[in-house]
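Worksheet: one structure, shown below.
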Amino acid sequence: MVREISREVDYVKESVSLLKHLGAGKKFRELRESMERKYASPFREGLRKFEVLEQIEQEAERVFSEDTEQLRYYFPKQDDAAMGCAGNLALLWEDYERVDFRDIAAFGAYLRDLPEQAYCERFGFCLQGYTESVVRDKKMVRMSEPYAVICYLMAMDIRDEEKWKIQKIFFDRTGHTEKLLALLEKAEKLLKGYRRELEELVLLFYQYWSEKLEGQDPASYIGRETNVKITGSPFGFRVEASVIHCNEITLNNDMGEDGCTYEDPDYYRIGILFGEDFAIGINPRQQDESFESYAVSVLKLLADKSKFAILSYIRDRKAYGSELAKHLKLTTATVSHHMNVLLAAGLVEVSHVDNRVYYTASRKALEEVFEYCRRTLT
């Protein structure tokens, strides 16, 4: 039985993750602040992890400053596209990918040397996971030639412009592969500049999980800590550290076509934030009074008719003060008062265009409160 916890940094997987992070416009600072709001500043060891991640992010934003448009094309925010992204298809990539490559050069050689039939099969498999986070709950369709891939694509329930984008990537295999490999080489070089820091983080990860999984498998541990029931593979498990996707967990249960028989050990990628000061089992029921007080204060604000109307109006649009006053039949002074309160609560975001201040609702803050209420009350 395999019981492996990796001590190595996988620079290929982390390079892909870094491109996704940049393309989606994510910020480690915002993640840290969000988690501190939810869990009342839980980090001690984790602050050092965030310090390294934010340094990498700042340098990456500088290094890729001229590549922003390409990154957004291949790795957009999830709200801007379907659940999948064009970059995954162009790289024949899965977020739970088991295959290990020595470096980006080896990964590039694999992509360039792939015969057409194998290319179609891999592209078709990734395509079936494009709009679904879990693809192994259904029988996979094997596509061994271009016609089968295009037929499947045309039948997908996605926008026509998205289909056209995917079709261009499929047929211009070399062009898109080379563009992404060039970006990945830059990401790999940048990350290897932080080799010492990354190896230190992964060693901490190894020490923590070696102790936690002593005498048990991740499925049993996660099930006990989170009440999420997972059946472990009889062949064992392999666990890897996920650095850039630091607060995420991905799992690949590799079963046969019958959907019941295991063929390989389970494969886990677990974010490096999970450690001594941030347990994997933490959830809103374990939050202290700080977030509960914040949630209650937000609900009180939403109970005010005018504040609710303001947030409803700017849910999907930006609006300035006098526009809101006219729409809601309020004075500009009253709107200003409401905005100051909503801004203090983090429920509104501000942007400046010329001499005007525009407001829009912070969906992220609202969703965090609603999710807390849902889990706590129901």
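When K179, K192 are checked against the criterion of being touching a residue at least 60 places away in the same chain (Cβ under 8 Å) and either hydrophobic (A, V, I, L, M, F, W, C) or over 19 Å from L111 (Cβ atoms) (or both), a single residue qualifies: K192.
Of the residues making up segment 348-378, those that are of a type in the set (A, V, I, L, M) and in contact with a strand residue (DSSP E or B) (Cβ under 7 Å, 6 or more places away or on another chain) number 4. Among residues of segment 298-324 that are part of a strand (DSSP E or B), those with a Cβ under 7 angstrom from a residue that is open to solvent by 60 Å² or more (accessible area, probe 1.4 Å), sequence gap 6+ or separate chain, pair up as Y320/R356. Of the residues making up segment 325-346, those that are assigned to a helix (DSSP H, G or I) and open to solvent by 20 Å² or more (accessible area, probe 1.4 Å) are K326, H327, L328, T332, A333, T334, S336, H337, N340, V341, L343, A344. The residue that is least open to solvent (accessible area, probe 1.4 Å), counting only those in segment 78-136 that are modelled with pLDDT of 90 or more and charged (D, E, K, R), is D103.
For segment 201-213, enumerate the residues that are touching a helix residue (DSSP H, G or I) at 6+ places or on another chain (Cβ under 8 Å), over 17 Å from D266 (Cβ atoms) and open to solvent by 40 Å² or more (accessible area, probe 1.4 Å). The answer is L204, and nothing else.
For segment 214-222, the condition of being acidic (D, E), open to solvent by less than 80 Å² (accessible area, probe 1.4 Å) and within 20 Å of C85 (Cβ to Cβ) holds for none of the residues.
Filter segment 244-285 for residues that are hydrophobic (A, V, I, L, M, F, W, C) and at pLDDT 75 or above and give the result. Selection gives I244, C246, I249, L251, I270, I272, L273, F274, F278, A279, I280. At least 2 residues being closer than 16 Å to S6 by Cβ is the threshold, and among the helices (runs of 4 or more DSSP H) wholly inside segment 146-256 those reaching it are 195-212. Determine whether T376 is closer than 14 Å to V298 by Cβ, polar (S, T, N, Q) and in contact (Cβ under 8 Å) with a residue 24 or more places away in the chain. So T376 fits the description; yes.
Under the condition of being more than 16 Å from Q128 (Cα to Cα) and either aliphatic (A, V, I, L, M) or in contact with an Asp or Glu (Cβ under 6 Å, 6 or more places away or on another chain) (or both), the residues counted in segment 153-209 number 13.
The values are calculated or read from the model by the stated rules, or taken from the named source; none is laboratory data. Keep in mind that what you see is a predicted model, and the values were worked out from it rather than measured. Here the Cβ is made from the backbone with ideal geometry for all residues, glycine too, and neighbour counts use every protein chain on show. The protein model used for the area step is the full one, side chains on, heavy atoms only, and it has no ligands, DNA or RNA in it. Shrake-Rupley method; radii C 1.70, N 1.55, O 1.52, S 1.80 Å.
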